[in-house]
Every structure is written in structure tokens, then in C-alpha cells.
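S.K.: A single structure is presented below for examination.
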Amino acid sequence: MTKFTDIKGFVFDLDGVITDTSVFHSQAWHQVADKVGAPWSQELEDGLKGISRMDSLEMILKAGNLSDKYTEDEKVDLATEKNTNYLKLVDQMTPANILPGIKKFLDDLKAHNYLISLASASKNAPKVLSKLQLTDYFPQIVDPQSLTKGKPDPEIYLKGAELINLKPEQCIGVEDAAAGVEAINAANETSIGIGDPKILAAADIKFNDTGEMTLDHIKSQMN
Ligand code: BG6
Ligand code: MG
């Protein structure tokens, strides 16, 4: 395993790591599932984390055996409706929506000269960061529209490292989603999984919640 002293940068997921927008995404997708008549389950909710907008819709339709029921245009309409509902929730966000310990962790990273980038699948990431007043911490954001494949493909995490001019081995990726941890591992970065350790079993380093994520705790899990 990579040594803590080899680490020079952090590549962050956004939803469910920096802020609890994963709850808002789930709420808005649940509405779509109800509308089309697809069954909602905890397993589906967990599986949607980290997955791009259109791929998420496909997963919901598949869960209801509805994949062939809608035209491409109708699918775009459903995804747009979800996004409109999601953005209504985002509009109410303030810095109080930053998850516990994250602001301090970002300040510690800056104080120790670690480089930072964002590897979120969300096209709304710049807007969410702005609502949280965290834009200045993330000068480098992977543009999800530039990707050919979504998580669990490693592409987004490889780009996150590239944006800060580091080799993947010099980066730690931080995720709350199983698909995201898989992407970090496939990119050859060290993975931190935040949340249910059973769902994030593949992560190199695990924390139950963001409040536990400190440089000291990371160092002790790596050495
Ligand atoms: C990920 C979320 O960060 O972004 C997913 O975990 C979401 O739930 C995906 O579907 C795409 O987000 P958006 O905002 O572009 O629809
Ligand atoms: Mg996430």
C-alpha cells in the first residue's frame, strides 16, 4: 500500500462527502420512480450514488422493467424534471449544509500544502460549491461532460489527479459511493470510503462519517 508520505493531493467526490446532497438526489429520484411506477428500495438508492443523471434514470427504469417504455426524448424530459426538483432543494442550501468536519479538513489540507481537486459526476457541482461558499477550495474541477464513462470507470479520478499534475499514486480519492470507491481503486489512487463499511468494503481507508476524517486518522490507517 502507498505510504502516507507519498500522498500529495486529494481528489474529492462532492455529493455525500462535502455535503449531504445525496439525500436531495435520492428524494428527487424517488419522485421519478413513483411517477413511472418503478419500485424504490434501499438497494436502489445506494446503487444510484455516484451514477450520472441519465445512467441513474436507466437504473430506475430497469428496476421497474420499464427500460423500453420511454423514448429518448421522454427520458430526457424525466431527467430534466428530476433536475428541476433537485435544484429547488439546492436553492435552499447554505454553508450549514457542509458535512461535519469537512471545512476544517479542507483548511488542514491547504495548511499542509496538499493539492485539491473535485471529481463529482454532477453537472451541478459548481452551483452546489457556490451555495456552500467553498468554491475557492476547488480551483480544479473535472468537467463531467468531458468524460466518456461514468463511475465506476476510473476516468474521472484519473482526470482529477491530472488536473493537479499528480500521479494517481500520489492521490487519495474520497467517496461515499461503492461505484466511486471502485473508480478510485481502478485509478490506482488510495481510496477513502465514508459511510457504511459493508457497502464500502473495497475502500483502503474507511470512516463511518466525515467527522472522523482527519489527516492523523488517515495516517494511522495507512501506516
Ligand atoms: C453524483 C450523485 O455526484 O452526481 C448522483 O451522487 C447524481 O446521485 C450525479 O445522479 C449526477 O448529478 P447531476 O447533478 O448532474 O444530475
Ligand atoms: Mg457521492
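S.K.: Which of the following residues is touching a Lys or Arg at 6+ places or on another chain (Cβ under 8 Å) and acidic (D, E): E182, E189?
M.R.: Being touching a Lys or Arg at 6+ places or on another chain (Cβ under 8 Å) and acidic (D, E) holds for just one of E182, E189, which is E182.
S.K.: Now, a different point. I'm checking my understanding of the structure. Among residues of segment 1-38 that are closer than 21 Å to H217 by Cβ and among the acidic types (D, E), which one is modelled with the lowest pLDDT?
M.R.: Taking the candidates together, the pick is D20.
S.K.: Oh, and also: Pairs, please: C-beta under 6 Å, at least 6 apart or cross-chain, first residue touching a residue at least 40 places away in the same chain (Cβ under 8 Å) and in segment 180-200, second away from ligand 2 (no atom under 12 Å from the Cβ) and in a loop (DSSP other than H, G, I, E, B)?
M.R.: A183/P152; A183/P154; T190/T2; T190/D204
S.K.: Within segment 35-53, take every residue that is of a type in the set (D, E, K, R) and within 9 Å of ligand 1 (Cβ to nearest atom) and give me the one that is surrounded by the fewest Cβ atoms within 10 Å (Cβ to Cβ). First the steps, then the outcome.
M.R.: Going residue by residue through segment 35-53, those that are of a type in the set (D, E, K, R) are 35, 43, 45-46, 49, 53.
Right, trim to within 9 Å of ligand 1 (Cβ to nearest atom) and you get 49, 53.
Numbers: K49: 23, R53: 20.
Among them, the one singled out is R53.
S.K.: Can V90 be described as within 30 Å of K219 (Cβ to Cβ), in contact with a helix residue (DSSP H, G or I) (Cβ under 7 Å, 6 or more places away or on another chain), within 16 Å of ligand 2 (Cβ to nearest atom) and of a type in the set (V, I, T)?
M.R.: no
S.K.: Would you pick out the residues in segment 116-141 that are farther than 11 Å from D13 by Cα, open to solvent by 10 Å² or more (accessible area, probe 1.4 Å) and part of a loop (DSSP other than H, G, I, E, B)?
M.R.: K123, N124, Q133, P139
S.K.: Can you tell me how many residues in segment 166-188 are more than 16 Å from ligand 1 (Cβ to nearest atom) and either open to solvent by less than 10 Å² (accessible area, probe 1.4 Å) or closer than 15 Å to K49 by Cβ (or both)?
M.R.: Residues that pass the stated criteria total 3.
S.K.: How many residues are within 20 Å of T19 (Cβ to Cβ), more than 12 Å from ligand 1 (Cβ to nearest atom) and not in a loop (DSSP other than H, G, I, E, B) when one looks only at segment 54-94?
M.R.: Summing the residues that are within 20 Å of T19 (Cβ to Cβ), more than 12 Å from ligand 1 (Cβ to nearest atom) and not in a loop (DSSP other than H, G, I, E, B) in segment 54-94 gives 2.
S.K.: Give the residues of segment 1-34 that are open to solvent by less than 10 Å² (accessible area, probe 1.4 Å) and of a type in the set (S, T, Y), sorted by residue number.
M.R.: Answer for segment 1-34, where residues must be open to solvent by less than 10 Å² (accessible area, probe 1.4 Å) and of a type in the set (S, T, Y): T19, T21.
S.K.: Next up: Taking segment 75-114 only, how many residues are open to solvent by 70 Å² or more (accessible area, probe 1.4 Å) and in contact with a strand residue (DSSP E or B) (Cβ under 6 Å, 6 or more places away or on another chain)?
M.R.: Total meeting the criteria: 0.
S.K.: If only one of L158, L163 is away from ligand 2 (no atom under 16 Å from the Cβ), open to solvent by 20 Å² or more (accessible area, probe 1.4 Å) and touching a strand residue (DSSP E or B) at 6+ places or on another chain (Cβ under 6 Å), which one is it? It would help to see each step written out before you state the result.
M.R.: Working: L158 fails: touching a strand residue (DSSP E or B) at 6+ places or on another chain (Cβ under 6 Å).
Matching residue, one of L158, L163: L163.
The values are calculated or read from the model by the stated rules, or taken from the named source; none is laboratory data. Note that the coordinates shown come from a computational prediction; the quantities given were computed from them, not determined experimentally. Ideal geometry is used to build each Cβ from the backbone, glycine not excepted, and the neighbour counts take in all protein chains shown. To get the accessible areas, we keep the full protein, side chains included, count just its heavy atoms, and leave off ligands, DNA and RNA. Shrake-Rupley method; radii C 1.70, N 1.55, O 1.52, S 1.80 Å.
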